[in-house]
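Contents: one structure, followed by commentary.
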Amino acid sequence: MRRVVWSVLVGLGVFFIVLAILSRFFIPGQAVKFPLNEYGINTLIAKNASWFSPQNVSELSPVTLQITDTVKGNVAASDQLGSSTYAVWQSFAVIEDITDHQQVNIPAAADQLVFNRRTGALVPSKLNLIAGKPVKGTVSGQGYVWPLGAGKQNYEVYDTTLQKPVLFKYLGTATTQGVATYLYVANIPPTAVGTQQLPGSLVGMKAPEVTLPEFYSTQEYYYVDPVTGAPLSVERKVQEVLKDSAGATKLVLINADFKSSASSVAAGIKTDNKYRNEINLVEKIIPIVALLVGIILVVIGVVLSLTRSQDERYEEQDEHVGSPA
């Protein structure tokens, strides 16, 4: 009976040790991924902002602007890819002047990007869309999220306005409402993103109509949970202006310092805590517990085996001593 017990204990111990190894090095790669059915709303507020209102035909300042950025997973599009490795998310960002109750910008359609569910890196696909239209060129860099287990390093992140990746530099650690985060910063200098046609009188020019280049610039600060890869707080200092051929600014379309609202950060952290706990369970708690249980069972089994061997030797000695001459 003892032989059965110790062999069963050793077998179970080996099983738990193997489970610990798989849980630490193999299972996370299969189980820990960004979800297909993501849904979240991030609100950013800019106080003391200014923008040009076509309705008022003038610049409105100072006003409070609000971005409502909705991100949701397109599960049907993800299924089209035929692989659990990739996800398709959509984002739709509306800018409002909540001081004057006017819409600043409403996209014609949502952006849609395909990315790797562990690294967060974008992948080329015909499903990639900007404002509902095919992307110019090839997408690359991070999209909606940083990698799971983000590092203390620089990352390229895809900018949907420029339709190309920009460099985000790692600047150090921070704390966002009690959560340890990494800070990544990008500085995009004034860059031409198109042209606009408008009355010359609106910009102090003599021609009845003029076509001026539009320049976009921004400083962006992302506070990212390195475990989940999720941005928990964002700051975007955005400026879009029209310039003449000499480079002089003729009209400020928008000038605002957007920051994630406290309520959005709190809601994001609540969701982030759920994902972080699940990741820690799979990557740390289960492997450690399984390893400890496995070692304990193997040790008990080995001890029982040694005890049995000693008992058998004693029995053999007793038999020899008690045998007739």
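Just so it is clear, none of the values below were taken in a lab; they were calculated from the coordinates. These numbers come from a predicted model, not from an experiment. Note: ideal-geometry Cβ built from the backbone for every residue, glycine included; neighbour counts use all protein chains shown.
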Peptides ranked, highest mean first, by Cβ atoms within 10 Å: ranges 196-207, 162-173: 162-173, 196-207
Where a label projected 7 Å from the Cα of ALA131 along Cα→Cβ would reach, residues of segment 56-71 with amide N under 18 Å: 67-70
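By average Cβ neighbour count within 10 Å, what is the ranking of 96-103, 182-189 from highest down? The partial results should precede the final answer.
Details: 96-103: 13.9, 182-189: 16.9.
Ranked by mean Cβ neighbours within 10 Å, highest first: 182-189, 96-103.
Rounded to two decimals, what is Rg over Rh for segment 152-212 when you use alpha-carbon atoms and the Kirkwood radius?
Values: Rg = 19.5 Å, Rh = 15.1 Å.
Using Cα coordinates only, the ratio equals 1.29.
Rounded, prolate or oblate: which fits segment 32-260 when a ≥ b ≥ c are the square roots of the eigenvalues of the alpha-carbon gyration tensor, with rounded for a/c under 1.5 and prolate only if a/b beats b/c?
Numbers: a/c = 1.97, a/b = 1.63, b/c = 1.21.
Prolate is the answer for segment 32-260, as a/c is 1.5 or above and a/b outweighs b/c.
How much net charge surrounds PRO147 when only other residues with a Cβ under 13 Å from its Cβ are counted (Lys, Arg +1; Asp, Glu -1)?
Numbers: positive: LYS33, ARG117, ARG118, LYS152; negative: GLU156, ASP225.
Once all neighbours under 13 Å are counted, the net charge is +2.
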Segment 32-260: relative contact order as a whole-number percent, Cα under 8 Å and 6+ apart: 16
Positive-end extreme of charge dipole, segment 32-260 - chosen from VAL241, GLY143, GLY132 (charges on Cβ): GLY143
